[in-house]
Amino acid sequence: GEDVEQSLFLSVREGDSSVINCTYTDSSSTYLYWYKQEPGAGLQLLTYIFSNMDMKQDQRLTVLLNKKDKHLSLRIADTQTGDSAIYFCAESNQGGKLIFGQGTELSVKP
Amino acid sequence: KAGVTQTPRYLIKTRGQQVTLSCSPISGHRSVSWYQQTPGQGLQFLFEYFSETQRNKGNFPGRFSGRQFSNSRSEMNVSTLELGDSALYLCASSLEGTRSYNEQFFGPGTRLTVL
């Protein structure tokens, strides 16, 4: 079946690193994504990783994928107050259908 | 390039009524997907349209339907509204959606409240 799980809340201090974790069940997932949602807004794609990769770095963002454990993580370096938002991981193996986790609310304290 | 637009942004209806939501994808995008977002169920996939054909469907009752026009604009309709249909309805467009990697651009959503 298709299921994606995330922890619901994370609180960090400004300047620290944030690590948001996600587990998924569908072993046929080919792409995994991280989206950000700010209050009152739609979803913004932050980054993605193909299932045959272990790691992807994009400026302050690092994605790690452990395919054996079906575990995905997003690390945000030097977290800023503007990073406060809800972060969703999502998987896909069928084009236009994304399966989302419940979202992790990141709170960054000054 | 203009982003994905959704109209209306806010809507209030009463139980038993029906509602139509509209989505205009980014110019050149041919695939439109719809999602329902609620505090309890999170983000759930409703359906995907590509070249005026429904290509994928989530686990929603038949009261939820959609269509896509030749200009790629899409509408979704919910008939016989229930209180539980209150949600943020998000539309996403992508270039073609035929490959697994398919960057979807989301609109701001339509907030539907059913009283």
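Every read-out reported here was derived from the displayed coordinates using simple, explicitly stated rules and does not represent laboratory data. Just so you know, these numbers come straight off a predicted model, no measurement behind them. Backbone-built Cβ (ideal geometry, glycine too); neighbour counts: all protein chains shown.
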*What is the set of long-range amide H partners of A:Leu43 at a cut-off below 5 Å, with H atoms built 1.01 Å from backbone N?*
B:Phe106
_Restricting region A:57-110 to chymotrypsin sites (Phe, Trp or Tyr not before Pro) in coil, as DSSP defines it, with at most 12 other Cβ within 10 Å_ = none
*asked:* With the crude spin-label approximation of a point 7 Å out along Cα→Cβ, what separation in nm comes out for B:Glu96 versus A:Ser51?
replied: 2.1 nm
_Partners for A:Lys70 among aspartates and glutamates (Cα-Cα distance below 17 Å; same-chain residues under 8 apart left out)_ = A:Glu2, A:Asp3, A:Glu5, A:Asp26, A:Asp54, A:Glu91
*Can you give the direction-averaged projected area of the convex hull of the alpha-carbon atoms in the protein assembly as shown, in nm²?*
12.3 nm²
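Determine the dipole magnitude for region A:47-110: charges of +1 sit on the beta-carbon of Lys and Arg, -1 on that of Asp and Glu, nothing else is charged, the reference point is the Cα centre, and the result goes in debye to the nearest 20.
Taking the Cα centre of region A:47-110 as origin, the dipole is about 160 debye.
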*If the limit is 31 Å between Cα atoms, which of A:Lys109/B:Lys57; A:Lys109/B:Lys13; A:Lys36/B:Lys57; A:Lys67/B:Lys57 go over it?*
A:Lys109/B:Lys57; A:Lys109/B:Lys13
*Report, by chain and number, residues whose modeled amide H sits under 5 Å from the one on B:Phe47, excluding near sequence neighbours (fewer than 5 apart, same chain).*
B:Trp34, B:Gly58
_Solvent-free Debye scattering, log10 I(q)/I(0), computed from the Cα coordinates of chain B at q = 0.21 Å⁻¹_ = -1.14
